[in-house]
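S.K.: Attaching a single structure in structure tokens format; questions to follow.
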Amino acid sequence: MFFIAAKVLQALVLPPSSLLILMAIGFLIVKGRRFPGILFISTGFLLLYGLSIHPASNALLAPLEASSPPFKDGAAHAHAIVVLTAGVRDLSWTGFGPEPEPSETSLERLVKGVTLYRTLHLPVVIAGGSGSPIETALREADAMAHTASTLGVPDTDIVIENRSRNTVESARAVKDMLRGNRILLVTSAFHMKRSVAMFKKQGFDVIPAPVGYRSEYKPMSFYTFIPSAGNLANSSAALSEYASLFWYGMIGDL
């Protein structure tokens with residue numbers, strides 16, 4: 001129950017939901033309380049605009065992604081490649097019965113894991129069940145394992161952890177599945193700082209192998225101040241990470 005409540009609260013607190021709620025409150029009270037109403041609407045609008053432009057989203061993402069440089073070497077004596085999941089697509093609505101597919105972010109992480117496998121020939125541990133607050137039979141690790149198999153990774157070298165609901169649960173579950181503690185950890189660059197801390201907390205010696213960098217340098221121009229859904233998504237992802245770092249640090253999981 002706590003997990004569901006936390007997920008719903010997170011969805012409401014993060015943009016764009018929180019900004020829409022802020023503006024909705026403003027519209028509801030503006031007739032009776034003009035100044036507070038205008039303040040709520042204006043604040044929501046300005047935050048929506050600010051978080052939707054590149055300079056702001058980049059400023060939020062860059063410190064998170066800078067925590068782990070791109071992987072180059074240092075995999076000596078690693079015991080496994082651990083790939084964290086990031087969503088799955090249920091395609092049953094098509095009526096043709098295709099297998100569930102990894103989301104774009106999951107696929108991005110998986111390709112990195114498979115690339116490392118082809119070089120290092122280490123077991124690939126795919127960790128993640130479902131982070132959805134809605135009950136579902138879909139398991140993210142199962143879909144990613146199926147894709148890894150089609151990409152040439154033998155089933156004997158794939159280890160599936162498909163019960164965890166978040167990163168800290170994945171770290172605890174993988175701890176019980178591996179004999180060695182030195183791992184190559186594959187996840188999105190913005191998610192790596194928290195993931196490394198959580199796996200180290202479980203006693204792992206972690207070699208980060210980040211993928212999917214979202215922050216990038218762009219010269220300031222009129223174009224960079226045009227809002228976009230992509231920038232808003234990046235800002236929301238970064239804010240979610242900062243909130244998670246604070247929360248899990250406070251309860252001792254980092």
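S.K.: Select, from Glu99, Glu108, the only residue that is under 30 Å from Thr224 (Cα atoms), out of contact with any Leu (no Cβ under 7 Å at 6 or more places or on another chain) and in contact (Cβ under 8 Å) with a residue 24 or more places away in the chain.
M.R.: Glu108
S.K.: Follow-up. Ala59: of a type in the set (A, V, I, L, M) and closer than 19 Å to Gly230 by Cα, yes or no?
M.R.: Yes, satisfied.
S.K.: Also: Select from segment 70-89 the residues that are in a loop (DSSP other than H, G, I, E, B) and at pLDDT 90 or above and write down the one among them that is surrounded by the most Cβ atoms within 10 Å (Cβ to Cβ).
M.R.: This residue is Thr85.
S.K.: Could you tell me which of the residues Ser18, Ser57 is of a type in the set (Ser, Thr, Tyr), assigned to a helix (DSSP H, G or I), touching a Lys or Arg at 6+ places or on another chain (Cβ under 9 Å) and within 29 Å of Glu216 (Cα to Cα)?
M.R.: Of Ser18, Ser57, the one residue that is of a type in the set (Ser, Thr, Tyr), assigned to a helix (DSSP H, G or I), touching a Lys or Arg at 6+ places or on another chain (Cβ under 9 Å) and within 29 Å of Glu216 (Cα to Cα) is Ser57.
S.K.: Looking only at segment 238-254, how many residues end up being open to solvent by less than 40 Å² (accessible area, probe 1.4 Å), of a type outside the set (A, V, I, L, M) and farther than 14 Å from Val168 by Cβ?
M.R.: 1
S.K.: For segment 90-184, which helices (runs of 4 or more DSSP H) that fit wholly inside it have 3 or more residues that are small (Gly, Ala, Ser) and open to solvent by less than 40 Å² (accessible area, probe 1.4 Å)?
M.R.: Where helices (runs of 4 or more DSSP H) fall fully within segment 90-184 and carry at least 3 residues being small (Gly, Ala, Ser) and open to solvent by less than 40 Å² (accessible area, probe 1.4 Å), they are 140-150, 167-175.
S.K.: Got a sec? Which of Ser132, Ser92, Ser103, Ser68 is of a type in the set (Gly, Ala, Ser) and touching a helix residue (DSSP H, G or I) at 6+ places or on another chain (Cβ under 7 Å)?
M.R.: From the options Ser132, Ser92, Ser103, Ser68, the qualifying one is Ser68.
S.K.: Look at segment 21-54 and say how many of its residues are open to solvent by less than 40 Å² (accessible area, probe 1.4 Å) and outside any helix (DSSP H, G or I).
M.R.: Residues in segment 21-54 being open to solvent by less than 40 Å² (accessible area, probe 1.4 Å) and outside any helix (DSSP H, G or I): 3 in total.
S.K.: Residues in segment 217-236: is at least one open to solvent by 40 Å² or more (accessible area, probe 1.4 Å), out of contact with any Lys or Arg (no Cβ under 7 Å at 6 or more places or on another chain), within 16 Å of Ala66 (Cα to Cα) and not in a helix (DSSP H, G or I)?
M.R.: yes
S.K.: For segment 196-214, what are the residues that are open to solvent by 30 Å² or more (accessible area, probe 1.4 Å) and either outside any helix (DSSP H, G or I) or modelled with pLDDT under 95 (or both)?
M.R.: Answer for segment 196-214, where residues must be open to solvent by 30 Å² or more (accessible area, probe 1.4 Å) and either outside any helix (DSSP H, G or I) or modelled with pLDDT under 95 (or both): Gln202, Gly203, Asp205, Pro208, Tyr213, Arg214.
The values are calculated or read from the model by the stated rules, or taken from the named source; none is laboratory data. Values in this document were obtained by computation on a predicted structure and should not be read as measured data. When we count neighbours, we look across all protein chains shown, and the Cβ atoms used for this are built from the backbone with ideal geometry, even at glycine. Please note that ligands, DNA and RNA were not included when accessible areas were found on the heavy atoms of the full protein model with its side chains. Shrake-Rupley method; radii C 1.70, N 1.55, O 1.52, S 1.80 Å.
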